[in-house]
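Let me begin by presenting the structure, written as structure tokens, before commenting on it.
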Protein chains: 4
Amino acid sequence: MTLPRISAQDLKGVMAYPPTPAKDNGGDLSARDTVDLDETERMIRSLLHDGADSIATNGTLGEMGTLTLDEWKAFASAVVETVRAFNPDFPLFIGATTLNTRDTIDRMRFLRDIGAVGVLLGRPMWSEMTAKTMIRFYQDVAAAVPELAICVYDNTAAFRGVIPTEVYAALADIPQVVAVKYAGGAAIGFRYHNDLQAVQGKIRLFPIECIWFFAYSLYGDQVPGCWSTTATCGPEPVFYLRDVLLANDFEEGRWIAERILWAHEPFIVSRDFPEFARYNIQLERLRYEAAGYMKPGPSRPPYYMDLLPQDHVSSTLEHVRRWQVLRQEVRDRLAARSAVVQ
Amino acid sequence: MTLPRISAQDLKGVMAYPPTPAKDNGGDLSARDTVDLDETERMIRSLLHDGADSIATNGTLGEMGTLTLDEWKAFASAVVETVRAFNPDFPLFIGATTLNTRDTIDRMRFLRDIGAVGVLLGRPMWSEMTAKTMIRFYQDVAAAVPELAICVYDNTAAFRGVIPTEVYAALADIPQVVAVKYAGGAAIGFRYHNDLQAVQGKIRLFPIECIWFFAYSLYGDQVPGCWSTTATCGPEPVFYLRDVLLANDFEEGRWIAERILWAHEPFIVSRDFPEFARYNIQLERLRYEAAGYMKPGPSRPPYYMDLLPQDHVSSTLEHVRRWQVLRQEVRDRLAARSAVVQ
Amino acid sequence: MTLPRISAQDLKGVMAYPPTPAKDNGGDLSARDTVDLDETERMIRSLLHDGADSIATNGTLGEMGTLTLDEWKAFASAVVETVRAFNPDFPLFIGATTLNTRDTIDRMRFLRDIGAVGVLLGRPMWSEMTAKTMIRFYQDVAAAVPELAICVYDNTAAFRGVIPTEVYAALADIPQVVAVKYAGGAAIGFRYHNDLQAVQGKIRLFPIECIWFFAYSLYGDQVPGCWSTTATCGPEPVFYLRDVLLANDFEEGRWIAERILWAHEPFIVSRDFPEFARYNIQLERLRYEAAGYMKPGPSRPPYYMDLLPQDHVSSTLEHVRRWQVLRQEVRDRLAARSAVVQ
Amino acid sequence: MTLPRISAQDLKGVMAYPPTPAKDNGGDLSARDTVDLDETERMIRSLLHDGADSIATNGTLGEMGTLTLDEWKAFASAVVETVRAFNPDFPLFIGATTLNTRDTIDRMRFLRDIGAVGVLLGRPMWSEMTAKTMIRFYQDVAAAVPELAICVYDNTAAFRGVIPTEVYAALADIPQVVAVKYAGGAAIGFRYHNDLQAVQGKIRLFPIECIWFFAYSLYGDQVPGCWSTTATCGPEPVFYLRDVLLANDFEEGRWIAERILWAHEPFIVSRDFPEFARYNIQLERLRYEAAGYMKPGPSRPPYYMDLLPQDHVSSTLEHVRRWQVLRQEVRDRLAARSAVVQ
């Protein structure tokens, strides 16, 4: 049986979710070549160099929905090439969500052929999917392109509700499914517990970095990593969280976990997820632009930057301000620790 | 200013919504050439010959979401060619809904270039759209391809909620927007009234055939038509409704309106729309297959026919049984009327 | 078998829904005797004298939820006495919705003992009720107090969703259930049709006056009446609608039906029902106060008048302005008709 | 300024939520004296003797909605008397949720007069409350009966949605509000973090025992307790959780926290909260009856035991079976520890 090059056991640490950088023409309706491939390469190198443990692209903020097919191919090729030069088996998941199974399979074949290791895969969202339809969908694509590892993209807004626990139980029987960008309400409780039992260790259920501490505090090695979109605002705090947690340094873990939550307090994602989801693409671009770790460029139609309400702009900028404070705190802390060691 | 060949005033009567016929391989994951073009031509001819006043394709049941780009082009070309041979200015709206503005514009340009009159257009549904985003989206596509008339595709399940009244007011200022496949809860009341006022006669708000009587009884010529998916189960009852209503024969209108509702009582669409929406494609195929007016073939992945629950199958077949009874009643009635006239 | 004094067949025309008038202390937390019994008597007499065909009290706007038990008894007694003096068998339905079956039965026994004909009855709303629980609830109360006719209070906001068609089918077997203040989305379509079939003529499904025309145009005598809260803003337009419709004067019916909808266009109830439901009590008081047909007095805690957002105040006042225009139009029309007759 | 006898600082450990025991006639429609006062006294004594740190009654499972006023008074009096004999300042919160502010105040005055320390208070739920209405409601009742401490009852099903963070910020300014039976989705994440910041330590936000570990692991002394309905199935596991957590024994805490979640896996509350909420009262009675720690008796109309679907019965019994296993495990563990100590 053909299997992917990586399995759940290969995944731990921070799975970074960078955007698809746009040239200045990103918001132009007439442009058909908007991907900034230079910035793409630079951004990916930065993440790899700074310590990302895995990378996933082309979810919602990665504009799977707004790229043309040719743009997606150009971006995917650039990312795969850059990552392969770093490490051919690096856990990289390129998004391939479309409106149907066959288009997704064609995208996956393209990815396989350019040497990709994995794919990030939400489900067709024209109609709400039943549990049985979800299971069949993932079985189909895994059987069609068994060489690719699959990271399931869970997003309750985009894909119309949670993935039921019974689906997780069924996905655990598909060897290609190695991870889930777990949403489930962005909190740790009954649902997370039940889903974790359902996958029996065969799939990594990675929570967002903001709440990873809660999951790790109880489940430890069963949840050895998290996903992070904020890492592209400057990854130091997220990597620090990873380093202290995986070292079971809970005292330091508490400090950094609380500070990361503090930095997110003003951001609408922490206060009203459905509202965040209406402006997901623009909000992420805005904070990446403000943070300066990479250059996102403008968002693509129909999600124009100028459709963002002003109060979302100001609360997002306050979030970025806090994040920059935290980055400095972490750098200072690391310097102090380093001094102590010496 | 470039304008479409048709306007709202050209639209009345029944707008039929046929499916995209599939060959036997329609449900095969590996097939990439599944459109039955012969059946497509035959089906379109039948609808034209039998009296459809306008036709729209590639909505949900028309599998806009599950066709590959090449299949869509082949289907669209066949439909446009067949319709043009009948009448070059016939109000035909080919679906071009995608996940973003630019892809939709590229599809619209293709349609324009093959001589299409109009486009059926839902909105990108990856994220829930705000009112302002909806307006901008329709403004953008109308400006980019001003030659095409636009029928707005309103589907509260697929596109995440109703189109707000303020959006209708704004759409009325776009000359390309000539009609709406109006959903809005599949009932006539406050919302329909307010939306009708908002468009000021510049856009046809066509309700489903089952409830057209309610709207026509109050608004008359302001609502001179309806959309109909059931027409593809055999159009006689829907055309009879049209003929008596537009002749202001309310007595006969009452009879046929009630019979059409009676025939839909067992169909899940009349009892639980969100549940219908989960199985839309399969349910429509099932009833078209059972009714025999055309040959739909199997539905395409991920919406496999075998995912349909058994109770939906049996209630749909009872619906078709009633529809066949009604078709005969209408034929008998027409024969009796014809005899009287003679 | 004990049966109520009235049945579905006794019900036609306009069922008016007046509020529970408050004295100046209506909004005082410390007051325990807030019902304005003089105004209650005057208001009921006006409605009876002006031509209401039936009356129902103590729904949401009638503040079933905010009256103390003693206030409710005082109000109910005053209403029953006033109505009995007019006509002992007049279809009067006093609200008795509580949080449980036993309290509701005790209220119903009180109503029976003071000579009431009927009861307006929503369901306990602490928890969302399943279909089976709804059926059992109405069976229980009907069996416990069989002398009272029951008008089922359907309100999708207050009682957490629609009443399923299967429940209507079961209610049709309870002889006490004679009518429904039908909500179901405030529109006529699939659901209304199916529910109407389910009750088989044994229960009146009265729609709101604004959309009665739609139902009457198709179903005629099966829907010989409507409910109306707006009637308490001055009932002339609603009574005129009744008079022309029941005379099958559809031409005049169209005129008045459209004008009634026009008058409701600014009112939030016609644009956003969930938002209306958050301010139901205050909005109704506001428009009654502004219309001047009766004196509602202030709303009771926790639904203070000053919690009403300003934009709801202004849109409601515009609604009342239109309603006053329409009242005059109707009076003029009646005068003109009367002149013609003479 | 009059203040309650207890403040947030007096609250830690386990807040138990026992039911209102019914005599055999609990399910009889004609009974008006259904509270089993002997079992009430016995049950309360057991909880106090076994180590409950605080007790709250008459929420949803405590049948605030289904008791008559006289039954509620009898039950409240019995509970207050039993608790006062144990400790006059014991943090006891008797439920007083009604459909309006004035009735709730009258209930609170009754509680104050019989010597109660506190009240458990959900909000009137006839209409969905806005944030401003919520704030005013709690301000009103606190001002009217300032002697009583208030535990806010948060239940997203019963009270139609979460309590917004801005409301928590306002409640922190009311000295009577000392605790919240926090629901918020039964998980620890963004919302819990933000709400905890909003109350600034002035209000205890107690999560359900199943997820307390997650909150305690990060926030420690800021979350020194939890609420527990399962404690009435036999409190040993919950008290063990408390003892090891408050001793900062995280290793043992992890064991018991996971076992408690394991025991809840089959229970519908952990898998589908809206479905649980439809049968809350019956499900809780069923598991208390099966567990045998106290005798709940039958649930009161309209929430009859026989309306419970069979699959909920069997999954609940499996949950109880696991709970009994866990109780024994905890007893064994305590015995082993005790042996070591000796």
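In table form, for the structure just shown:
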{"read-out": "Percent of beta bridges antiparallel (DSSP, chain D, rounded to nearest 5)", "value": "5 percent"}
{"read-out": "Cα-based shape type of the stretch C:117-177, given that a ≥ b ≥ c are square roots of the gyration tensor eigenvalues and the cut on a/c is 1.5", "value": "prolate"}
{"read-out": "Rg/Rh for chain A, where both radii come from Cα atoms and Rh is the Kirkwood radius", "value": "0.94"}
{"read-out": "Delta accessible area of at least 30 Å² on complex formation, residues of the stretch B:120-140, 1.4 Å probe, chain isolated as reference", "value": "B:MET125, B:TRP126, B:SER127, B:GLU128, B:THR130, B:THR133, B:ARG136, B:ASP140"}
{"read-out": "Stretch gain in nm, segment A:ASP113-A:LYS132, where the contour uses 0.36 nm per residue and the Cα spacing is subtracted", "value": "3.9 nm"}
{"read-out": "Carbon and sulfur %, accessible surface of the stretch B:150-250 computed with the full protein complex present, 1.4 Å", "value": "49 percent"}
{"read-out": "Residue-normalised accessible area of the protein assembly as shown, given per residue in Å² at a 1.4 Å probe", "value": "32 Å²"}
{"read-out": "Cα coordinate range in the stretch C:32-140, projected on the principal axes (Å, largest first)", "value": "41, 31, 24"}
{"read-out": "Helical mean residue ellipticity (222 nm; -39500 (n - 2.57) per DSSP H run of 4+; nearest 500) of the protein assembly as shown", "value": "-15500 deg cm²/dmol"}
{"read-out": "Residue among A:GLN324, A:GLN176, A:GLN200 with the largest mean-square fluctuation in a Gaussian network model of chain A, springs linking Cα atoms under 10 Å", "value": "A:GLN200"}
{"read-out": "Choice from B:ALA85, B:ALA187, B:ALA277 showing the highest fluctuation, given a GNM over chain B with Cα pairs closer than 10 Å", "value": "B:ALA85"}
{"read-out": "Helical segments meeting 27 Å axial Cα length and Kyte-Doolittle 1.0 threshold in chain D (DSSP H)", "value": "none"}
{"read-out": "1.4 Å probe, heavy atoms, protein only - residues of the stretch D:151-167 losing at least 50 Å² accessible area vs chain alone", "value": "D:ARG160"}
{"read-out": "Highest-fluctuation residue, B:ASN155, B:ASN25, B:ASN58 considered, GNM on chain B with Cα pairs under 10 Å", "value": "B:ASN25"}
{"read-out": "Ascending list, in nanometres, of distances separating the B:ARG321 label from those of the other copies (7 Å, Cα toward Cβ)", "value": "4.3, 5.9, 7.0"}
{"read-out": "At least 10 Å² accessible surface lost relative to isolated chain, residues of the stretch B:293-336 (1.4 Å probe)", "value": "B:PRO301, B:PRO302, B:TYR303, B:TYR304, B:ASP306, B:LEU307"}
{"read-out": "Label spacing, shortest first and in nm, from D:GLN310 to its equivalents in the remaining copies (7 angstrom along Cα→Cβ)", "value": "1.6, 6.2, 6.3"}
{"read-out": "Teacher prompt: C:ARG112 distances to equivalent labels in other copies, 7 Å Cα→Cβ, nm", "value": "3.9, 7.4, 7.4"}
{"read-out": "Lysine pair count for chain A [Cα-Cα under 28 Å; pairs on different chains or 8 or more apart]", "value": "13"}
{"read-out": "Cα gyration tensor, the protein assembly as shown - rounded (a/c under 1.5), prolate or oblate", "value": "oblate"}
{"read-out": "Separation in nanometres of the label points that stand 7 Å from Cα toward Cβ, at C:HIS49 and B:ALA339", "value": "6.1 nm"}
{"read-out": "Beta carbon of chain C nearest to the axis of the rotation taking C to A, residue and angstrom distance", "value": "C:PRO274, 7"}
{"read-out": "B:GLU252 paired with B:ARG331, simple spin-label distance in nm, labels 7 Å along Cα-to-beta-carbon", "value": "1.8 nm"}
{"read-out": "The stretch C:1-72, accessible surface, carbon-and-sulfur percent (1.4 angstrom probe)", "value": "45 percent"}
{"read-out": "Interface area, A with B, accessible, probe 1.4 Å, both sides summed, Å² nearest 100", "value": "4300 Å²"}
{"read-out": "Accessible area, probe 1.4 Å, largest first, for residues A:HIS49, B:HIS312", "value": "A:HIS49, B:HIS312"}
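The values are calculated or read from the model by the stated rules, or taken from the named source; none is laboratory data. For clarity, every value in this text was computed on a predicted model and none was experimentally measured. Using ideal geometry, Cβ is built from the backbone for each residue, glycine included, and neighbour counts are taken over all protein chains shown. These area figures cover heavy atoms from the full protein model, side chains too; ligands, DNA and RNA do not enter into them. Shrake-Rupley method; radii C 1.70, N 1.55, O 1.52, S 1.80 Å.
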